[in-house]
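Only one structure is covered here, and it is reproduced in the block below.
A short reminder: the numbers here are calculations on the coordinates, not readings from a lab. Because the structure is predicted, anything quoted here is derived from the model rather than measured. Quick reminder, even Gly has a Cβ in these numbers, built from the backbone with ideal geometry, and neighbours come from all protein chains shown.
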Amino acid sequence: MSKGYPDFFGQSIFLKYGIYNIESDFAIVVAGTRPTIVEVEAKGLLQGGFIYTNDVDALSSDNPYLYIDGVDIIEKTWSGMFNANFGNNPYTPVVLMSYDVDTPAYGLFFQNQIPFETSLTIKYKKVLGGNVLVTGALYYQELI
C-alpha cells in the first residue's frame, strides 16, 4: 500500500520546507536613522518573530518596520498600531504585544505562515530624542 501524497509527473503538489531557523540581533538606533536589526536572504515561510524595545528614550512616534521581499508590511508608528487596534486584530500580519507610554515599552509580534520569495528584514526608525536599544528576531523555514 502506498503512503503519503501522490507524486504526479514526478513533482509534489506541496511545497517542502526545511528546518526551523531563528535569526536574532539587537542594535542601538540613533535618532534620524533607520538601521537594519535582522535580515534573512532566502525563500521560505515566516513562522513568527518580534521587535521589542523598552529603552527609556523610546517614543510612540518611532517606526518599527518589517520588510517582506522589499515591501514594508507595517507602515505605522507604535501609536498608529495601537490606534488601529493591532493588539486584538487576527487579520493583520503583525500583533501589538506591548504598548506602554509610561514605562516606555513597545513590542510587536509577527504572525506566522507568511511566504516570502527573496528576503525578510527588520528595521527601526528613531524619529526624535536619544538613542534606543532595539531587539528583533525572525523565525522562518527555508524552501527546499
Taking the dipole about the Cα centre of the chain, with the C-beta of Lys and Arg at +1 and of Asp and Glu at -1, give me whichever of N112, G32, T77 is farthest to the positive side.
N112
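Under 1.5 on a/c is rounded, so check that first for segment 75-144, then, if it is not, pick prolate when a/b is larger than b/c and oblate when it is not; a ≥ b ≥ c are the square roots of the alpha carbon gyration tensor eigenvalues. Show your work: numbers first, answer last.
Working: a/c = 2.36, a/b = 1.47, b/c = 1.60.
The shape class here is oblate.
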Among (i) 16.2; (ii) 17.7; (iii) 22.5, the entry derived from the coordinates for Kirkwood radius over Cα pairs in Å
(i)
Can you tell me which lysines have their Cα less than 20 Å from the Cα of K76? Leave out same-chain residues fewer than eight positions away.
K123, K125, K126
What longest region of the chain stays clear of chymotrypsin sites (Phe, Trp or Tyr not before Pro) that DSSP places outside H, G, I, E and B and that have at most 10 other Cβ atoms within 10 Å?
15-90
Go through segment 75-89 residue by residue and turn each phi into a ³J(HN,Hα) via Karplus (6.51, -1.76, 1.60, θ = phi - 60°); whole Hz please, and just put x for glycine and proline.
6, 9, 7, 4, 5, x, 5, 5, 5, 8, 6, 6, x, 10, 9
Cut-off under 13 Å on the C-alpha distance; same-chain residues fewer than 8 positions from K43 excluded. Which aspartates and glutamates are left, in chain and number order?
D69, E117, E142
Where in the chain is the longest stretch that carries no trypsin sites (Lys or Arg not before Pro) classed as loop by DSSP and with at most 12 other Cβ atoms within 10 Å?
17-144
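Relative to the Cα centre, what is the charge dipole magnitude of the chain, using +1 at the beta carbon of each Lys and Arg, -1 at the beta carbon of each Asp and Glu, and rounding to the nearest 20 debye? Intermediate values should be presented prior to the final figure.
Numbers: 8 positive and 15 negative charges, 49 e Å.
The dipole of the chain has a size of about 240 debye.
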Which of V95, V29, V56 moves most in a GNM of the chain, Cα contacts under 10 Å?
V56
